[in-house]
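Every number in this text was worked out from the coordinates using simple rules, so none of it is lab data. Keep in mind that what you see is a predicted model, and the values were worked out from it rather than measured. Glycine gets a Cβ as well: all are built from the backbone with ideal geometry, and neighbour counts include every protein chain shown.
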Amino acid sequence: MPASTGSSSPAKSSSSIEPAGPLTLARLVVLLIVGVLIVALHESFNYPLKIPGHHGLEAMALLVFARLTSTYRWAATIVSLSAATTAAGVGAEHGWLTPFLYLAPGVVIDLAVMVFAGWRTQILVLPLIAAFAHATKPLMRFGLAETFGMEFGSFRAGALYPVSTHLAFGFAGGLAGALLWREWARRAAKQQA
């Protein structure tokens, strides 16, 4: 029997948080907070970039990171529903359309990961999904512009530009979120070894 030194083992430490796990009350609260944080960052930070979709950097990073932390199949939808509710509550800039613009990316991510079996192990799968999820915003606006004649400033030069910039920022944000989660998972595994 090994002698005890009085210090606790990192693997047995109750303070370590698992990088991914089932939907517990604590994890649900974190997912809801991430949704609020997405809206708070969007409303408070004004990047000097005047490029459509630039908020995809932080929004998709947070959404992808949150999705990776949970094994619950609708985790990204919970985050997006929280963001949509928060945005509607604070009266974010796009009026009645705002909740749908926040909700769609989470639903798209959750539905897409159900199709791709190896999404958690392939580093580029989730960022690519995030790119398309983020592009739902200009696609929804384009559909409304074409169907109801609504005007959106980002379509002054046509739909290709805002769709492509949303894809690019969504991918970059999704990749950042995936890399941050992967590093966290690597450190957690190293700590438990």
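How high is the relative contact order of the range 23-192, in percent, with contacts defined as C-alpha pairs under 8 Å that are six or more residues apart?
The normalised contact order for the range 23-192 reaches 30 percent.
Put +1 on the Cβ of every Lys and Arg and -1 on every Asp and Glu Cβ in the range 23-192; which of LEU175, THR165, GLY143 then has its Cα farthest towards the positive end of the dipole?
Of the listed residues, the answer is LEU175.
Looking only at the range 14-55, which residues have a backbone nitrogen under 11 Å from a spot 7 Å from the Cα of ALA88 in the C-beta direction?
The answer is none.
Rounded, prolate or oblate: which fits the range 23-192, taking a ≥ b ≥ c as square roots of the Cα gyration tensor eigenvalues, rounded meaning a/c under 1.5, else prolate when a/b beats b/c?
Note, shape of the range 23-192 comes out prolate.
Charges only on Cβ, +1 for Lys and Arg, -1 for Asp and Glu: so what's the dipole of the range 23-192 about the Cα centre, in debye to the nearest 20?
600
Beta carbons within 10 angstrom, averaged per residue: use that to sort the peptides 112-124, 66-78, highest first.
66-78, 112-124
Between ARG182 and LYS50, take the C-beta separation as r, use R0 = 45 Å, and let me know the FRET efficiency to the nearest 0.05.
That gives a FRET efficiency of 0.90.
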